[in-house]
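Colleague: First the structure, then my questions, so here it is.
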Amino acid sequence: MARVADPDLTERRKRQIMDAALACFRRKGFHQSSMQEICTEAQLSAGAIYRYFPSKTDIIAAIIHADGEDRQAMFDGITSGEEFVERLVVSAEAFVSRILDRGGAPLMGDIVAEAMRNPELAALLRQGAAPFRARLVEKIAACQARGEFDRSLDPAQAARIIFGGVDGLCMRVVMCGEREREQVGADVRELLRRVLSPVAPRRPSGEKPAGRKKTSSESRREIAG
């Protein structure tokens, strides 16, 4: 009886190898992990692994691509500027938790350092980030068109600032560890609000604007009478 081809086998094998590589990279670092160790971790032969990934750099590229697809999917279904902000906040918190809980902080440093020495890896990182940045630009422009974000912003510039700022905040937490973990969500939310300048919702007609909040010195003078 002829064997029936499994259409999902290729993707499962790739994921198996990527997970094995990540486990090795976290334990020993990118350079210290050999392809043979990845084979052992994945419980696959060298031939099976090289069929899918000719090198460790190719494995990293696949991991970056998969992460980029997840980040792009995060924007699906967003219908408001408020939701846009909150999705990015949740994404940042999830990224930090994933890195810290799985011991991936040293690996992040390895990848950044290697990208500075390896033009091929640096190009792969840029390629992996490009679709996500394009979705950022698209969503910012859509929110501007609805009057929810400051329309004087250049969407591409805003996306660059957000991309760099959020990644920088996340990397700081990864470097500093648990001390700043709980603060990352609030920091990302504040950054986004400062950059995007969300427009306050219009008040119903006839409703008076709230008065200016008194300063502490004004309040003390009132109490002193």
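The values are calculated or read from the model by the stated rules, or taken from the named source; none is laboratory data. Remember, predicted model here, so these are calculated numbers, not experimental data. Note: ideal-geometry Cβ built from the backbone for every residue, glycine included; neighbour counts use all protein chains shown. Areas reflect the complete protein model, heavy atoms only, side chains present, ligands, DNA and RNA absent. Shrake-Rupley method; radii C 1.70, N 1.55, O 1.52, S 1.80 Å.
Colleague: Filter segment 27-47 down to residues that are at pLDDT below 90 and surrounded by fewer than 18 Cβ atoms within 10 Å (Cβ to Cβ), then give me how many there are.
Modeller: Residues meeting the conditions: 5.
Colleague: Another question, then. Quick one: which residue in A23, A62, A48 is more than 23 Å from G103 (Cβ to Cβ), part of a helix (DSSP H, G or I) and of a type in the set (A, V, I, L, M, F, W, C)?
Modeller: On the way: A23 fails: more than 23 Å from G103 (Cβ to Cβ); A62 fails: more than 23 Å from G103 (Cβ to Cβ).
When all the criteria are applied, what remains is A48.
Colleague: Could you check segment 12-26 and list, in sequence order, the residues that are open to solvent by 70 Å² or more (accessible area, probe 1.4 Å) and either at pLDDT 90 or above or in contact with a strand residue (DSSP E or B) (Cβ under 9 Å, 6 or more places away or on another chain) (or both)?
Modeller: The answer is R12, R13, R15, D19.
Colleague: List the residue pairs whose Cβ atoms are under 6 Å apart, where the first residue sits in segment 31-49 and is without any contact (Cβ under 8 Å) to a residue 40 or more places away in the chain, the second is among the aromatic types (F, W, Y), and the two are 6 or more positions apart or on different chains.
Modeller: Final answer for the pair search is S33/F25.
Colleague: For segment 128-172, enumerate the residues that are of a type in the set (F, W, Y) and part of a helix (DSSP H, G or I).
Modeller: F132, F163
Colleague: Just one of (1) surrounded by 15 or more Cβ atoms within 10 Å (Cβ to Cβ); (2) in contact (Cβ under 8 Å) with a residue 24 or more places away in the chain; (3) part of a helix (DSSP H, G or I) trips up E82, so point out which.
Modeller: Tallying (1) surrounded by 15 or more Cβ atoms within 10 Å (Cβ to Cβ); (2) in contact (Cβ under 8 Å) with a residue 24 or more places away in the chain; (3) part of a helix (DSSP H, G or I), E82 fails exactly one: (1).
Colleague: When you check M108 against the structure, is it free of Cβ contacts under 8 Å to residues at least 40 places away in the same chain, within 24 Å of the chain's Cα centre (by Cα) and closer than 21 Å to V173 by Cβ, yes or no?
Modeller: no
Here is a yes/no grid of residues against (1) touching a strand residue (DSSP E or B) at 6+ places or on another chain (Cβ under 7 Å); (2) open to solvent by less than 50 Å² (accessible area, probe 1.4 Å); (3) over 19 Å from L88 (Cα atoms); (4) among the polar types (S, T, N, Q):
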position	(1), (2), (3), (4)
N118	no, yes, yes, yes
A123	no, yes, yes, no
F132	no, yes, no, no
A142	no, yes, no, no
F149	no, yes, no, no
E178	no, no, yes, no
